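Engineer: This is the structure I have questions about; it appears just below.
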């Protein structure tokens, strides 16, 4: 698997899209730090990019790459190589290339301008969301042989987690506002990796006071070591569950 991973990884690093993505993140991060002297505002702006742009780029690029690599995958499978080895090699190569872009484009300049735990948390969140949506993209890709349908499924995943889910959650909280919903919303947030990442970062920036009693509850939980372990564990689950499902489908699929 390491040979396949290495080959695909270095091949991806030479592609124009990955280079353009890295340059975009780097230029955006540098520009934000140059335009605003308030590091907290810059981190909030970068958080919006991490929550919206990074998942979208990750899921679309991965889906397109999977179908563009179909002939290579078929060639590998014609050799005496286990299907899961090829699949996981593809996954880790794509995930590593996109994570590298995040580290170079966001992590390094942000740590130079504003070193500290907040930026480190932002980088961890960016890496986690990248891997989550790469996993979802592979799941979308193995569900159908049609490239257009797979891209549509991938976009639905992003649209649901980045936009629709928040509306549904707000609807639940509004309609049942007379009831104590703190623990229920905690469970609901765990069902959306984007929301989970958002809460973690907002609490790191000490904006929980703007969220009222619910924000205080989140801070009491997510601000503790147990809350941090819980958050990271849920994000890891979000990475591996779609990947395991996709791997099983791919192993049994007739190519």
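Engineer: Considering only segment 178-255, give the helices (runs of 4 or more DSSP H) lying wholly within it that have at least 1 residues that are under 25 Å from residue 88 (Cα atoms) and either modelled with pLDDT under 85 or touching a strand residue (DSSP E or B) at 6+ places or on another chain (Cβ under 7 Å) (or both).
Structural biologist: Details: elements: 182-190, 193-204, 212-222, 225-252.
The helices (runs of 4 or more DSSP H) meeting that bar are 225-252.
Engineer: Go through (1) surrounded by fewer than 20 Cβ atoms within 10 Å (Cβ to Cβ); (2) more than 22 Å from residue 139 (Cα to Cα) one by one and return the number of the condition residue 17 breaks.
Structural biologist: (2)
Engineer: Right, next: Quick check on this structure: which one of 168, 156 is in a helix (DSSP H, G or I) and modelled with pLDDT under 90?
Structural biologist: The conditions single out 168.
Engineer: If I ask for residues that are modelled with pLDDT of 90 or more and either under 22 Å from the mean Cα position of the chain (by Cα) or at positive phi (or both), which ones from segment 31-46 would you list?
Structural biologist: Of everything in segment 31-46, those that are modelled with pLDDT of 90 or more and either under 22 Å from the mean Cα position of the chain (by Cα) or at positive phi (or both) turn out to be 32, 46.
Engineer: Under the condition of being surrounded by fewer than 18 Cβ atoms within 10 Å (Cβ to Cβ) and touching a residue at least 60 places away in the same chain (Cβ under 8 Å), which residue from segment 82-99 is nearest to residue 163 (Cα to Cα)?
Structural biologist: Filtering segment 82-99 down to residues surrounded by fewer than 18 Cβ atoms within 10 Å (Cβ to Cβ) leaves 82-85.
Among the residues that remain, those that are also touching a residue at least 60 places away in the same chain (Cβ under 8 Å) are: 83-85.
Details: 83: 35, 84: 33, 85: 34 Å.
Within segment 82-99, the match that is nearest to residue 163 (Cα to Cα) is 84.
The values are calculated or read from the model by the stated rules, or taken from the named source; none is laboratory data. All of these numbers come straight from a predicted model, not from anything done at the bench. Counting neighbours? That spans all protein chains shown, and the Cβs are built from the backbone with ideal geometry, glycine included.
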